[in-house]
Each structure stands twice: as structure tokens, then as C-alpha cells.
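The values are calculated or read from the model by the stated rules, or taken from the named source; none is laboratory data. Treat the numbers as computed from the prediction; the structure is a model and nothing was measured. In this analysis, Cβ positions are derived from the backbone assuming ideal geometry, glycine residues included, and neighbour counts consider all displayed protein chains. Heads up: the accessible areas ignore ligands, DNA and RNA and are worked out on the full protein's heavy atoms, side chains in. Shrake-Rupley method; radii C 1.70, N 1.55, O 1.52, S 1.80 Å.
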Amino acid sequence: MDISTKVNLALCILSFILAAVSVVTVVVTLRQNSKMIESSTRPYINIYFDYSQMGNPNGYFIVKNFGASSATITSLTYSESIKKHPTSLSDLPAIFDGLIGSTVVPNQKYLAPFKLYEYSGDAAIFTITYKSARRTYKDRFEINVCNYGKLVKPR
């Protein structure tokens, strides 16, 4: 082989390597971009706790969609302390079980009120599974309600 053939062969191999690296870079970039788009448009359903003091302290478990798209709650489980809580203000199991199958749009929230000073259980543990148009998500929340009970007392 003469020198020009060797140079052309080397340039051909280098061009192929450069093209392969470019294709791999594009594929990686597209995957990252897809993950970023999904993360910014997915639903984020959270369960958190709040309370108010108007005469007696009342607590609220709040189920809210902080995401940018709607989601359907497919399952919602909660700890025994919630199941056994007195129903003098509201029936928490009925509220939480009634959310299964519900669609939660962005910024929509559901309140589950209860009398904070009647709560005698451990931490309230929730596991929620919800689906959007493309994926299913599962989150677990542990709320130490007893800490809130130490902050406010009935008058």
C-alpha cells in the first residue's frame, strides 16, 4: 500500500469513530432531556399535615398534587393509628378510602380533618400509588403527628 491509501484509510477509520461518538452523545443527550421533561411535567402527590387553632386544635391530613399534570390515585394505605382514630370529627378511613380512583389535578388538594388532641397513635405512615398518562409512581410518607400535639392544646 502506498502512503495516500494508508492516509485515506486512517481518515476513514477516524471519521467512523467520530461519527460513532457523535451518535452515542446524541442518544445520551436525548435520554437526559426526556428524563428532565418527564420530571418537570409529572404529578407529585404528597401527603402532609397541618393544623389550626380556633378554640380547639384541629389537624388536617392534606393530599395535594404539587406536580404539573393530573394523576389518578390507584392505592392509598395508611397505618393502624389512622384506622383506629375516633370519628368524632370525621371518618378518616372513609375519606382516605374514598380517594382511591380519584383524579387529582395540579394544585388540587383534599383535606381529612380530625381532632388533634384525640390522636394517640404513633407516626402516621401513608403509602400512595398513583398513575399519570405514562407511568405509575409510588411514595411513602411518615408524619409524626404527636409532635404537633405537643405544640397546641385545647382551651
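What do you get when you divide the Cα radius of gyration of region 85-148 by 2.2 N^0.38 Å, with N the number of residues?
Compactness ratio reported: 1.28.
Determine the distance separating the Cα centre of region 93-148 from the Cα centre of region 1-43; give it in Å without decimals.
A separation of 46 Å, based on Cα centres.
Determine the calculated [θ] at 222 nm for the chain from helices alone, applying -39500 (n - 2.57) to every DSSP H run no shorter than 4 residues and normalising by the residue count; nearest 500 deg cm²/dmol.
Estimated from H runs of four or more residues: -11500 deg cm²/dmol.
If you take every DSSP beta bridge whose two residues both sit in the chain, what share of them, in percent to the nearest 5, is antiparallel?
If we restrict to bridges inside the chain, about 100 percent are antiparallel.
Positive end of the dipole of region 23-155, charges at C-beta (+1 Lys, Arg; -1 Asp, Glu), about the Cα centre: which of Thr41, Gln108, Phe96 has its Cα farthest in that direction?
Thr41
Starting from the Cα of Ser15, step 7 Å along the direction of its Cβ; do the same at Thr74; then give the gap between the two resulting points in nm.
If labels sit at Ser15 and Thr74, their model points lie 5.0 nm apart.
With only Lys, Arg, Asp and Glu charged, each at its Cβ (+1 for the first two, -1 for the last two), find how big the charge dipole of region 80-134 is about the Cα centre; round to the nearest 20 debye.
For region 80-134, the charge dipole is close to 280 debye.
Ignoring ligands, DNA and RNA, what accessible area per residue does region 63-139 give at 1.4 Å, in Å²?
The answer is 51 Å² per residue.
In a GNM of the chain with a 10 Å cut-off on Cα contacts, which of Ser79, Ser88, Ser70 has the highest mean-square fluctuation?
Highest fluctuation of the listed residues: Ser88.
Report, in debye and to the nearest 20, how large the dipole of the chain comes out about its Cα centre when Lys and Arg carry +1 and Asp and Glu carry -1 on their Cβ.
Approximately 120 debye in magnitude.
Considering the Cα positions of region 20-91, please state its Rg to one decimal place and its Dmax as a whole number of Å.
21.0, 71
To the nearest 20 Debye, how big is the dipole of region 17-108 about its Cα centre, given +1 on the beta carbon of each Lys and Arg and -1 on that of each Asp and Glu?
Value, rounded to 20: 280 debye.
I need the calculated FRET efficiency for the pair Tyr51 and Leu30, taking r as the beta carbon distance and R₀ as 41 Å, to the nearest 0.05.
That pair, Tyr51 with Leu30, gives E of 0.30.
Compute the normalised compactness of region 14-138: alpha-carbon radius of gyration over 2.2 N^0.38 Å, N being the residue count.
1.54
Using a 1.4 Å probe on the protein chains only, how many percent of the accessible area of the chain belongs to carbon and sulfur?
C and S fraction of accessible area: 58 percent.
Two decimals, Cα atoms only, Kirkwood Rh: what is Rg/Rh over region 1-54?
1.63
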